[in-house]
Amino acid sequence: MKWSIHQLSKYRQDGMPIDAYVQLDEVMERNQDIRAISPVHVKGLCTFGASQMTCQLTVTATLTLPCARTWEDVEFPIEIETVEVFSWVDEEKRGEDDGEVHYLDGDVIDMKPVLEELILLEVPMQVFKENTEGQMHGGKDWTYATDEDVELHRKADEPKLDPRLAALAKYFDQTDE
């Protein structure tokens, strides 16, 4: 999704509609948790001013991420509503507080890096596959236990009185006479 500023001049009156699919495999290289990404559907409208392009976009895709419990693949759909502003003003006219504006270094608008950033921001820290609660059994040198399991083990592991010291326990139970 690249356009030169000269190409975009024909859309000044009515704007430029966007309805395209983009393959962003570079996202998987930037975040190792992403196992696969479907083609990203970008839909919206770009309008033009004297030295900027404003795009109102809807970005949808499906990410394949690992389940935090079982490490199996989980399909995670994302939908992003965003407004992106691309500007090609001279460096002297740029404001210091323009964090929301993407400035161009040349005469070409490349939307791929912006789309990659939007998708990377949507990746959750953990994803759980449905119906996996309690399916963990353990592995080498570790086990999985719920709070109820821990409580049962704690009750079962209460200290038992050594039979050799039973007489000593009776001694402390006696009352002073």
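All of the numbers you see were taken from the coordinates with simple rules; none came from a lab. Computed from a prediction, not measured in an experiment: that's the story for all the values here. With ideal geometry, Cβ positions are generated from the backbone for all residues, glycine too; neighbour counts draw on all protein chains shown.
Side notes on the structure shown:
- DSSP H segments from the chain that extend 15 Å or more along their own axis, Cα-based, with Kyte-Doolittle mean of 0.5 or above: 112-122
- Relative contact order, percent, the range 1-83 [alpha-carbon distance under 8 Å, six or more residues apart]: 24
- Extending 7 Å from Cα along the Cβ direction at Val101 and again at Asp162 yields two label points whose distance is 8.0 nm.
- Under 5 Å between amide hydrogens, built in the peptide plane, is the criterion, and for Lys129 it picks out Ala68, Arg69, Thr70 among residues at least 5 positions away or on other chains.
- Cβ-derived FRET efficiency at R0 35 Å, Asn131 paired with Gln7, nearest 0.05: 0.10
- Over all Cα atoms in the chain, the spread is summed up by Rg and Dmax: 30.4, 108 Å.
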